[in-house]
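Read the structure below first, then the notes.
The values are calculated or read from the model by the stated rules, or taken from the named source; none is laboratory data. All values derive from a computational prediction rather than experimental measurement. With ideal geometry, Cβ positions are generated from the backbone for all residues, glycine too; neighbour counts draw on all protein chains shown. Surface areas here come from the heavy atoms of the whole protein model, side chains and all, with no ligands, DNA or RNA. Shrake-Rupley method; radii C 1.70, N 1.55, O 1.52, S 1.80 Å.
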Amino acid sequence: MAATSETRAIFVTGLKNAHAMEKQALSIMKPQVSRIENYPEVAARLEWHIRETEGQIARLEDVLESLAEGHSSLKDVALSLTGSMAAIGHAVTGDEIIKNSLANFAFENFEIAAYKSLITIAEHGGFPGLVPVLRHNLDEEIAMARWLDDNLESVTMKFASLKEAGLSAKV
Ligand SMILES: [Fe+2]
């Protein structure tokens with residue numbers, strides 16, 4: 001299928017939304033990292049994913065640039081769904097690390113869905129050359145979601161043991 005002006009418009013909108021999504025990801029992860037004291041493995045993985053996310057943003061900007069949709073047209077709109085997930089993460093309560101783990105898992109899966117949709121448009125809407133770069137971002141999101149999934153049990157167990165030791169106030 002060739003790129004029509006309609007598929008192109010859908011694709012560009014999706015790319016801009018993905019850009020806004022990744023900016024929001026940074027605004028969620030950075031404050032989390034700065035507050036973590038007792039979960040260095042979580043902090044390290046988040047630091048890693050912050051760097052990956054910065055690369056993803058640069059890739060999306062390159063893609064938009066290649067479609068003659070430069071930075072000036074990038075108005076980062078807040079996404080209501082991701083916004084509410086971020087609000088969950090920002091709630092400061094005694095179980096902040098757990099809430100953040102759940103919110104991050106939700107956010108990463110939202111990102112996975114977004115890139116799968118963009119790849120579908122790229123593949124079938126006339127932009128096959130852009131599939132590999134989008135797949136690069138997708139693979140990083142899948143790896144992060146898997147890490148969060150694999151580590152939910154250990155983070156929960158550690159939270160429980162710290163709480164028993166009277167250290168529940170610390171993230
Ligand atoms: Fe991500």
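Worth pointing out:
- Filter result (at positive phi and either in contact (Cβ under 8 Å) with a residue 24 or more places away in the chain or touching a Cys at 6+ places or on another chain (Cβ under 6 Å) (or both)) within the range 125-171: GLY126
- Residue within the range 131-145 that is open to solvent by 60 Å² or more (accessible area, probe 1.4 Å), within 20 Å of the chain's Cα centre (by Cα) and within 22 Å of PRO31 (Cβ to Cβ) present: no
- Residues of the range 108-155 satisfying the condition of being among the hydroxyl-bearing types (Ser, Thr, Tyr) and away from the ligand (no atom under 13 Å from the Cβ): SER117, THR120, SER154
- Residues in the range 12-32 that are surrounded by fewer than 22 Cβ atoms within 10 Å (Cβ to Cβ), of a type outside the set (Lys, Arg) and under 19 Å from LEU67 (Cα atoms): VAL12, THR13, GLY14, ASN17, ALA20.
- Any hit, the range 39-49, residues being in a helix (DSSP H, G or I) and under 30 Å from LEU67 (Cα atoms): yes
- The sole residue among ILE121, ILE112 that is at pLDDT 95 or above, over 15 Å from HIS49 (Cβ atoms) and open to solvent by less than 60 Å² (accessible area, probe 1.4 Å) is ILE121.
- Scanning the range 35-42 for any residue that is among the hydrophobic types (A, V, I, L, M, F, W, C) and within 13 Å of the ligand (Cβ to nearest atom) turns up nothing.
- Annotation: of all residues in the range 33-73 being under 18 Å from ARG135 (Cβ atoms) and hydroxyl-bearing (Ser, Thr, Tyr), the one that is least open to solvent (accessible area, probe 1.4 Å) is THR53.
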